[in-house]
Structures are given as C-alpha cells and as structure tokens.
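The values are calculated or read from the model by the stated rules, or taken from the named source; none is laboratory data. Small disclaimer: the values here were computed from a predicted structure and weren't measured. All Cβ positions, even for glycine, are placed from backbone atoms using ideal geometry, and neighbour counts span all protein chains on display. Only protein heavy atoms, including side chains, enter the accessible area calculation; ligands, DNA and RNA are left aside. Shrake-Rupley method; radii C 1.70, N 1.55, O 1.52, S 1.80 Å.
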Amino acid sequence: MTTSTMKAVRIHAYGGSEMLHYEDNVPRPVLRPDDLLIRVRAAAVNPVDWKIREGWLQELLHHTLPLTLGWDVSGEVVAVGSEVSGFNVGDAVYARPDIERDGAYAEYIAVKASEAAHKPTTLDHIHAAAVPLTALTAWQVLVDAARLQAGQTVLIHAAAGGVGSLAVQLAKVYGARVIATASAVNTGLVTELGADQFIDYTQTRFEEAVKDVDVVFDTLGGDTQERSWQVLKPGGILVSVVSPPSEAVAAGRGVRSAFVFIHPSGEQLTVIARLIDEGRMKPLIHTVLQLNEVRQAHTISQGSHARGKIVLHVAD
Ligand SMILES: NC(=O)c1ccc[n+]([C@@H]2O[C@H](COP(=O)([O-])OP(=O)(O)OC[C@H]3O[C@@H](n4cnc5c(N)ncnc54)[C@H](OP(=O)(O)O)[C@@H]3O)[C@@H](O)[C@H]2O)c1
C-alpha cells in the first residue's frame, strides 16, 4: 500500500440519493487487532443502506458522519490484525460487517475477523458480495428464530427479493414446504428457486389462499404483517425483519412472534458458503453497477421491485 487514502462513497448529511458522494481522498480504515483489512472487489446494496442514508435508523444505530455506507462485501485480505488467526493475506473473504462502522462502498474496509468467512469458491466476488446480509437474515429468521423443521410449511413474503430469494432456498435445504409471494412476473423465478406454491399478491389475497402455516417470514411489515396472523396454525410463529409484531396479538391468537435484526456471523457464513459450494443455494443478481453509479443503485433498491441483489463492482 503506497497511499493512505482511497476512493469511497460517503454521506455527510442524511437525505436523498444526492447525499451520496463519490470521493477520492477518504482516509483508509485503521486496522484494529481483531480486524482484517479487505481490498473490496464488490459491495452489495441493501434497503438498510438507503434507510440509514435517509436518517430513519438514527435512534437504533450510532453513526458519526461522514459515513461510508454498504454492509455486504467480498474481497481480498490485504492485512491481518495482530490477534487474528484463521485468515491470511491474500485470502478471498466475504462478510456482513458491523453496521455501526464504515461500510464497503470503498476500496478498503476493516472488518472484525469474526464477522468474515472464506467466500464460496464457486462464486466470483460479484456473486459472493450478494450473499452475506441476506443469507444471514434468512438463517437467523428460519434457523435461529423459527427453528424450522423438515415437513413444516413456511410462507415467505417478497420471495423474489434479496432476502426472500435466499430464504426460499434455505427453507428447502431444511426440508420445508414453501409458499412464496411475489408478482406474476416472478412466478418462474421463484418456482425455479424451489417454491412449492406461488401466490401473485397483486391478484390474490394470500390469507384467502393459505392456512395452517408453521412459519411466516415477514419482509414487508404493515398490512402484510397484520394479515399474516390469520394463516398461522396454533403454536406457529411470525418472524418479521421489518417491524416488531405485537406480542399481545400473538398471545391472543395462540401463536408466537419474533423480530430479528441480524448480527454479523463469520461462523454462519462459513456454513452458508458450504451450502453454496454444494449447489444448494445461489444468489440472484438484479444488476451490477460501478461504485460511482451508487445513486442509481439506491434508486433501484428504493423502488422495491429488484429481483435479487444490486451489486456494486469496486475493483477487478
Ligand atoms: N431486520 C433485519 O435485520 C433485516 C435484514 C435484511 C432485510 N431487512 C428488511 O427486509 C426488507 C426486505 O429486504 P430485501 O433486501 O429482500 O428487499 P428487496 O430485495 O428490495 O425486495 C424487493 C422485492 O420485494 C417484492 N415485493 C414488493 N412488494 C411486495 C408485496 N406486497 N408482496 C410480495 N412481494 C413484494 C418485489 O417483488 P415484485 O417485484 O414481484 O413485487 C421484489 O422482488 C427490507 O425492508 C429490509 O430493510 C431487515
């Protein structure tokens, strides 16, 4: 490394996509003893990026501006902290880093080694960057919170999205029966991912087509969450990643509920990499843009109709 600065996309104030600034002279991250310094090859865009950019999550997350956004990364290790074992310079890794530190819309990112894993060997960096945040979300909802079992039925909302498309595949890995919602244009896609039953939410009210579900995976909140209670069987569970479901409603209906805000986990990413390399899961890419096209990437994400992930190419 010959310079101490890098290119990065930062915000200096909360607001619209015009707040995203592609800058040349951003200080490189400082390596802590338990960190890896990663040369970023690709970074994925997630809805949380523009929610933070808009300033919606200020009560939940502690950020100091200017802030580099982007918490999905695939790249190469260029330095290893003094307390780190298990990783070496040159390793290809992927991670969903700590969301309260600077993110991956940059040439370099410092990531706790415990948050990273060796990337799936069958994926290039663009596809690997599309995995961590959404796959960890699917894992922590279906496996950790819902304790999904073979033979159970799961309803997955927004199955063509970043989270939903991996959740459908993970639920099939666990031997569940999957009911998926999306619009008609995504029927073939979601069925190909493994969904057993498809509901076009623009034509059919899902609560009229589905009943006796063990697990609802709520990626939409609001009205979708409210209508989801009625499809659960007694003892079933509604898990949301958007807004905490009412515990009182759950108790009144004899069902359970949970809200998940995901945490980084290199251990879970190692298992997920194995599933991907075994051909049991794959990321879905909506589009690939360059780092300096990040405003366009946010506009697409905010449109709420991406099919899978939007990925930023950072370096070859
Ligand atoms: N709490 C956490 O830790 C956590 C973690 C990850 C994500 N999240 C949140 O989870 C949400 C989903 O994330 P994501 O990355 O999957 O978003 P996304 O990729 O932007 O989702 C886009 C998808 O939503 C579908 N969709 C839109 N409206 C729908 C509806 N009414 N019914 C069914 N599908 C609908 C679209 O399908 P069509 O084009 O077919 O309509 C599209 O494929 C976001 O709000 C995100 O912030 C939270």
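Go through the stretch 206-224 and count every residue that is within 11 Å of the ligand (Cβ to nearest atom), on the phi < 0 side of the Ramachandran plot and touching a residue at least 12 places away in the same chain (Cβ under 8 Å).
Matching residues across the stretch 206-224 total 6.
Tell me which residues, restricted to the stretch 18-57, are of a type in the set (Asp, Glu), over 21 Å from the mean Cα position of the chain (by Cα) and over 23 Å from ALA113 (Cβ atoms). First the steps, then the outcome.
Step one: filter the stretch 18-57 for residues of a type in the set (Asp, Glu), giving 18, 23-24, 34-35, 49, 54.
If we keep only those that are over 21 Å from the mean Cα position of the chain (by Cα) as well, we get 18, 23-24, 34-35.
Across the stretch 18-57, the qualifying residues are GLU18, GLU23, ASP24.
Would you be able to say whether some residue in the stretch 182-189 is in contact with an Asp or Glu (Cβ under 9 Å, 6 or more places away or on another chain) and either open to solvent by less than 10 Å² (accessible area, probe 1.4 Å) or among the basic types (Lys, Arg) (or both)?
Yes: one or more hits.
Does the stretch 190-212 hold any residues that are within 12 Å of ILE179 (Cα to Cα) and of a type in the set (S, T, N, Q), and which are they?
Across the stretch 190-212, the qualifying residues are THR191, GLN197.
Could you pull out the residue among ILE11, ILE38 that is among the β-branched types (Val, Ile, Thr) and touching a helix residue (DSSP H, G or I) at 6+ places or on another chain (Cβ under 6 Å)?
Values: ILE38 fails: touching a helix residue (DSSP H, G or I) at 6+ places or on another chain (Cβ under 6 Å).
Answer to the selection: ILE11.
I need a count of the residues in the stretch 64-100 that are open to solvent by 30 Å² or more (accessible area, probe 1.4 Å), in contact (Cβ under 8 Å) with a residue 60 or more places away in the chain and not β-branched (Val, Ile, Thr).
1
Look at GLU192 and say whether it is in contact (Cβ under 8 Å) with a residue 24 or more places away in the chain and exposed (fewer than 14 other Cβ atoms within 10 Å of the Cβ).
For GLU192, the condition - in contact (Cβ under 8 Å) with a residue 24 or more places away in the chain and exposed (fewer than 14 other Cβ atoms within 10 Å of the Cβ) - is not met.
Being touching a helix residue (DSSP H, G or I) at 6+ places or on another chain (Cβ under 9 Å), within 16 Å of the ligand (Cβ to nearest atom) and of a type in the set (S, T, N, Q) narrows it down to one residue among THR122, THR137; which is it? Spell out the reasoning first.
Numbers: THR122 fails: within 16 Å of the ligand (Cβ to nearest atom).
Step by step, each of THR122, THR137 is checked, and only THR137 is touching a helix residue (DSSP H, G or I) at 6+ places or on another chain (Cβ under 9 Å), within 16 Å of the ligand (Cβ to nearest atom) and of a type in the set (S, T, N, Q).
Give me a count of the residues in the stretch 225-247 that are touching a Gly at 6+ places or on another chain (Cβ under 8 Å) and more than 16 Å from the ligand (Cβ to nearest atom).
Count: 2.
For LEU170, all conditions in the list (1) near the ligand (Cβ under 8 Å from one of its atoms); (2) open to solvent by less than 30 Å² (accessible area, probe 1.4 Å); (3) within 19 Å of LYS282 (Cα to Cα) hold save one; what is the number of the exception?
It is condition (1) that LEU170 fails.
Considering only residues that are within 16 Å of the ligand (Cβ to nearest atom) and part of a strand (DSSP E or B), which ones fall in the stretch 21-48?
Result: ALA43, ALA44, VAL45.
Which one is least open to solvent (accessible area, probe 1.4 Å), of the residues in the stretch 101-134 that are of a type in the set (Lys, Arg) and out of contact with any His (no Cβ under 8 Å at 6 or more places or on another chain)?
ARG101
Taking the stated definitions as given, is THR299 open to solvent by 40 Å² or more (accessible area, probe 1.4 Å) and within 16 Å of the ligand (Cβ to nearest atom)?
yes
Inside the stretch 228-254, can you point out the residues that are open to solvent by less than 30 Å² (accessible area, probe 1.4 Å) and touching a Pro at 6+ places or on another chain (Cβ under 7 Å)? Please lay out each step first, then the result.
Filtering the stretch 228-254 for residues open to solvent by less than 30 Å² (accessible area, probe 1.4 Å) gives 228-229, 231-232, 236-240, 245, 250.
Passing the criteria: only LEU238.
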